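Written out below as structure tokens is the structure these notes cover.
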Amino acid sequence: MTAQVDGSAAGAAGVAEAAGAESGRESRVPGTVRRRVLVGAVALVMLAGGVSIAHGAADGTDGAPAPDGGGHAAHDAGKAGGTGKAPLVGGASRSGGLWMRADGVFSPPGSFVPSDALTYDTGLVPAAARIEVTQYADRTSHRVTTRLRGLVPNRGYGMHVHTAPCGADPVSAGPHYQHRTSATADPVNEVWLDFRTDGNGDGEAEARHDWGFREGGARSVIVHDAQGGAGKRVACFTVPFAP
């Protein structure tokens, strides 16, 4: 994410320089107008935040992505027309493993710059808080991990994989993804990522199973206000989980 923001900011700076060069009046007031344009452009880039996605091959017995990021690195969010959404790339390794990583910056529904990471309660998941979700799968195991930054310090949150993409209405993400249809919720049949933040508001979690997702069946993660099988939906992140 740092690289993509820096790259976008550099592009914004180029636009600002060109705008200043085209106006004789602006050039006669050294730096004043150009500084305003530059600051505005950089602020817009920072607000965009968006989501970057990387898919690639995973080699190694510990299930970690290859040292070089495996296949393709994350693409700049700005390449998708300024919507904060990155193109999807993929790959597979000879060992049969794959990995996917998606990261985003939370913003409320209807924000000026759309994002795949939505917060429905900015008191619990502030705008500009960050999330990263990584999926790793091979022939015998399946792992989903998450890291979050900038939440309420020293607080417990619930988190599960859900069946549909996020929407302005928290219920848009559908129910928990279940390996086998069941009337009850449990971490063996579902992907639970409950976590507790530290003093800085950062948290992380991991879930491991011997089964993977059905194609198109897992589309998002929901952050809840309480740990366990239920709770108020306070944030959502659309994630393109691989089967």
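The values are calculated or read from the model by the stated rules, or taken from the named source; none is laboratory data. All of these numbers come straight from a predicted model, not from anything done at the bench. Glycine also receives a Cβ, built like all others from the backbone with ideal geometry; neighbour counts cover every protein chain displayed. Side chains are part of the model used for accessible areas, which takes the heavy atoms of the whole protein and leaves out ligands, DNA and RNA. Shrake-Rupley method; radii C 1.70, N 1.55, O 1.52, S 1.80 Å.
Mind listing whichever residues of the range 221-243 are in a strand (DSSP E or B) and within 13 Å of Y177 (Cα to Cα)?
V221, I222
Using the structure shown, decide if R219 is touching a strand residue (DSSP E or B) at 6+ places or on another chain (Cβ under 7 Å), more than 18 Å from N154 (Cα to Cα), modelled with pLDDT of 95 or more and exposed (fewer than 14 other Cβ atoms within 10 Å of the Cβ).
no
C166 versus (1) assigned to a strand (DSSP E or B); (2) surrounded by 14 or more Cβ atoms within 10 Å (Cβ to Cβ); (3) not small (G, A, S): which is the lone unmet condition?
All conditions pass for C166, except number (1).
Would you check if A218 is of a type outside the set (K, R), assigned to a loop (DSSP other than H, G, I, E, B), in contact with a His (Cβ under 8 Å, 6 or more places away or on another chain) and closer than 19 Å to W99 by Cβ?
Spelling it out, A218 is indeed of a type outside the set (K, R), assigned to a loop (DSSP other than H, G, I, E, B), in contact with a His (Cβ under 8 Å, 6 or more places away or on another chain) and closer than 19 Å to W99 by Cβ.
Residues G231, G123, G199: which one is open to solvent by 30 Å² or more (accessible area, probe 1.4 Å), free of Cβ contacts under 8 Å to residues at least 40 places away in the same chain and farther than 19 Å from G104 by Cβ?
Among G231, G123, G199, only G123 is open to solvent by 30 Å² or more (accessible area, probe 1.4 Å), free of Cβ contacts under 8 Å to residues at least 40 places away in the same chain and farther than 19 Å from G104 by Cβ.
How many residues are of a type outside the set (V, I, T) and either assigned to a loop (DSSP other than H, G, I, E, B) or open to solvent by 10 Å² or more (accessible area, probe 1.4 Å) (or both) if we restrict to the range 146-163?
Qualifying residue count for the region: 8.
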